[in-house]
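Structure record follows, encoded as structure tokens.
Bear in mind these aren't lab numbers, they're just calculated from the coordinates by the rules spelled out. All values reported here derive from a predicted model rather than from experimental measurement. Every residue, glycine among them, receives a Cβ derived from its backbone with ideal geometry; neighbour counts consider all protein chains shown.
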Amino acid sequence: MKKKFSGAVCVSRYDNHLITNAYGFSDYSNGLLNDMYTRFNMAQGSSIFTAVLVMILREKGMLELDDPIGKYLRIPLRNIDRDITIRQLLNQTSGVPKMVDDDNYRMFWETKDTSKIRYNADLVPFFLTKEMRFERGTKCELNDTNFILLALIVETLTKKPLDQMIERWIIKPCRMNETGFYCLNQLPGNTANGMMEENDEMISNIYHCEIKGNGASGAYTTCYDLCRFWKCLFSEDLISQESLDEMLKDQGHGYGLGLHLVQHKGKSIVVIAGERPGASMISSFAPHNGIQISVFSNNESDVKKIHDELSVDLW
């Protein structure tokens with residue numbers, strides 16, 4: 001951690017920040033250092049925003065969790081089962097095809113013109129012609145396609161781009177002023193560039209992932225903004241306690257609706273995590289004592305190891 005880690009660490013209890021440290025560079029070329037106000041790429045961790053947005057639409061009476069996706073999606077589903085439910089997308093038991101095999105992520109994007117992939121609909125061709133991975137409801141598999149399809153459902157119902165609805169119904173109510181969906185080639189000031197190690201050199205991740213975030217990944221935030229999000233989520237500022245309880249029900253595989261559930265000494269800990277070329281993060285919230293632990297990295301450091309070392313005495 002001391003030699004190689006580049007990113008930020010924050011431990012808070014409600015509004016009281018207990019540990020706040022930043023390390024490494026947000027911009028290696030210009031020698032700019034990370035600080036506690038630096039924005040980091042959340043990778044798949046940002047899919048929690050899509051999940052919460054779906055729950056907001058449910059409370060507004062615009063959808064039901066057990067509705068089939070065929071009721072809302074306007075794309076030809078081909079091999080995808082139209083009877084998959086919104087709930088099965090949220091708890092990742094749908095069996096839908098993957099966009100990219102996990103082991104081939106870097107290589108996949110190297111062959112694509114990422115500058116033209118800016119919207120959720122732009123990602124559909126990468127999975128639509130593939131076969132289902134398993135029968136819906138029979139197992140759990142983490143899969144970005146689940147949240148791309150959820151994003152398309154949200155956009156169909158609201159007639160607005162997903163990032164605009166997240167800003168309206170999540171980012172602004174939580175006063176997450178440094179959070180948003182930014183293009184890799186138009187990052188605002190004090191935003192960490194994603195860096196990868198290749199042939200003993202650090203290179204940019206700009207050609208190795210989507211140029212802009214989507215329903216599954218890629219929002220940017222700060223440690224402090226994420227603290228505000230956890231507080232809002234568990235204070236019923238975004239969704240009701242009933243909806244939150246629904247999200248926190250373990251589906252039998254350590255996963256709820258859009259988030260991981262970890263058992264620790266009889267207590268349930270809520271976790272979001274993500275990893276992309278040049279970005280990794282993990283953030284947890286312990287409802288029983290209000291402890292939040294967030295670790296971000298912009299050079300693929302082992303954030304889980306750091307997080308787990310901190311959590312031992314705090315959870």
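Only one residue of Gly215, Ile19, Asn30 has its Cα farthest out toward the positive end of the dipole of the chain, where Lys and Arg carry +1 and Asp and Glu -1 on Cβ, and that residue is Gly215.
Across the chain, the relative contact order, built from alpha-carbon pairs under 8 Å that are at least six residues apart, equals 27 percent. The Rg/Rh ratio for region 46-177, using Cα coordinates for both the radius of gyration and the Kirkwood hydrodynamic radius, is 0.96.
The alpha carbons of region 7-314 give a radius of gyration and a Dmax of 18.4, 53 Å, in that order. Computed from the C-beta positions of Asp67 and Asp302 and an R0 of 41 Å, the FRET efficiency is 0.55 to the nearest 0.05.
Helices meeting the span-like rule in the chain (full DSSP H runs, Cα extent of at least 18 Å along the helix axis, mean Kyte-Doolittle score of -1.0 or higher): 47-59, 144-158. Cysteines in the chain lacking any other cysteine Cβ under 4.7 Å from their own Cβ: Cys140, Cys183, Cys209, Cys227.
Rounded to the nearest whole Hz, the Karplus-based 3J(HN,Hα) values (6.51 cos²θ - 1.76 cosθ + 1.60, θ = phi - 60°) of region 6-14 follow the sequence 10, x, 8, 10, 9, 10, 9, 10, 6, with x at glycine and proline.
Using the structure shown, select from Lys231/Lys265; Lys116/Lys159; Lys139/Lys249; Lys265/Lys304; Lys139/Lys212; Lys4/Lys112 the pairs with a Cα to Cα distance greater than 25 angstrom.
Working: Lys231/Lys265 23 Å; Lys116/Lys159 21 Å; Lys139/Lys249 16 Å; Lys265/Lys304 19 Å; Lys139/Lys212 30 Å; Lys4/Lys112 30 Å.
Violating the 25 Å Cα-Cα cut-off are Lys139/Lys212; Lys4/Lys112.
To the nearest µm²/s, what D does Stokes-Einstein give for region 266-309 at 20 °C and 1.002 mPa s, using the Kirkwood radius over alpha carbon pairs as Rh?
Taking Rh from Cα pairs, D becomes 196 µm²/s.
Taking the Cα centroid of region 172-216 and of region 20-42, what is the distance between the two, rounded to the nearest whole Å? Value for the Cα centre distance between the two parts: 12 Å.
Inter-part distance, region 276-315 to region 44-121, computed on C-alpha centroids, equals 25 Å.
Between the residues Pro68, Gly194, Gly258, the greatest Cα displacement towards the positive end of the dipole of the chain, with unit charges on the Cβ of Lys, Arg, Asp and Glu, is found for Pro68. Full extension of the segment from Asp200 to Thr20, taken as 0.36 nm per residue of separation minus the current Cα-Cα distance, would add 61.8 nm. Can you compute the helix-only [θ] at 222 nm over the chain? Use -39500 (n - 2.57) per DSSP H run of at least 4 residues, normalise by all residues, nearest 500 deg cm²/dmol. Only helices count here, giving -6500 deg cm²/dmol.
Dipole size of region 7-314 about its Cα centre, with +1 on Lys/Arg Cβ and -1 on Asp/Glu Cβ: approximately 900 debye, rounded to the nearest 20. Of the residues Thr158, Phe234, Ile206, the one whose Cα sits farthest toward the positive end of the charge dipole of region 7-314, with +1 on the Cβ of Lys and Arg and -1 on the Cβ of Asp and Glu, is Thr158.
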